[in-house]
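J.: My questions will all concern the structure given below.
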Amino acid sequence: MDTTSTKLVLMIRFVAFLAFFYLLLDLLVSRLIRNPASKVRGFFSLVASPLTRPVRSFLPPSATDDQVRFAAIGLVGLVWAAVFFLSR
């Protein structure tokens, strides 16, 4: 791979890792803080919403928020692992 391709792959891996981390934080905060009006919980939900919103559209309407979070974590983890192993 040339330098540009290497930098692009590293950037995709880094963004996927950050997305995975933010989704895990959202899951953790949603389990620790039960008050739905909490500003901390709202912040993490807002940060993770660009990742959970597209996943929610593929799940049935009856899916809970935790199911959507787990599906998003699985999808982002799969992308990260695929880019990680394909770049080796």
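J.: How big is the gap, in Å, between the Cα center of segment 6-55 and the Cα center of segment 68-88?
T.: 14 Å
J.: Taking the Cα centre of the chain as origin and charging only Cβ (+1 Lys, Arg; -1 Asp, Glu), how large is the dipole, in debye to the nearest 20?
T.: The calculation lands at about 180 debye.
J.: Next question. Pick from ALA16, ALA37, ALA72 the residue whose mean-square fluctuation is largest in a GNM of the chain, springs joining Cα atoms under 10 Å.
T.: Evaluated over the chain, the most mobile residue of the options is ALA37.
J.: From the protein chains alone at 1.4 Å, what is the descending order of accessible area for VAL47, VAL40, VAL76, VAL68, largest first? Write out the running numbers ahead of the final one.
T.: On the way: VAL47 45, VAL40 75, VAL76 25, VAL68 0 Å².
Largest accessible area first, the residues go VAL40, VAL47, VAL76, VAL68.
J.: Okay, moving on. Relative to the longest principal Cα axis of the chain, at what angle does helix 65-86 sit, 0 to 90 degrees, rounded to 10?
T.: 10 degrees
J.: Continuing with the same structure: For a quick check of understanding: with a 1.4 angstrom probe and all protein chains in place, what accessible area in square angstrom does SER45 have, to the nearest ten?
T.: SER45 has an accessible surface of roughly 50 Å² with all protein chains in place.
J.: Here is a further query. In the full protein assembly as shown, how much of PHE21 is accessible to a 1.4 Å probe, in Å² to the nearest 10?
T.: Solvent-accessible area, nearest 10 Å²: 100 Å².
J.: Right, next: Express the relative contact order of the chain as a whole percentage, based on alpha carbon pairs under 8 Å and six or more residues apart in sequence.
T.: Working: 51 pairs, mean separation 36.5, N = 88.
Across the chain, relative contact order equals 41 percent.
J.: Can you give the accessible area of THR4, probe radius 1.4 Å, in Å² rounded to 10?
T.: Near enough 100 Å² of accessible area.
J.: On to the next question. Ignoring ligands, DNA and RNA, what accessible area per residue does the chain give at 1.4 Å, in Å²?
T.: Numbers: 6330 Å² over 88 residues.
About 72 Å² of surface per residue is accessible.
The values are calculated or read from the model by the stated rules, or taken from the named source; none is laboratory data. As the structure is a computational prediction, the values presented were derived from the model and not from experiment. All Cβ positions, even for glycine, are placed from backbone atoms using ideal geometry, and neighbour counts span all protein chains on display. Accessible surface is based on the protein model in full, side chains and every heavy atom, while ligands, DNA and RNA are left aside. Shrake-Rupley method; radii C 1.70, N 1.55, O 1.52, S 1.80 Å.
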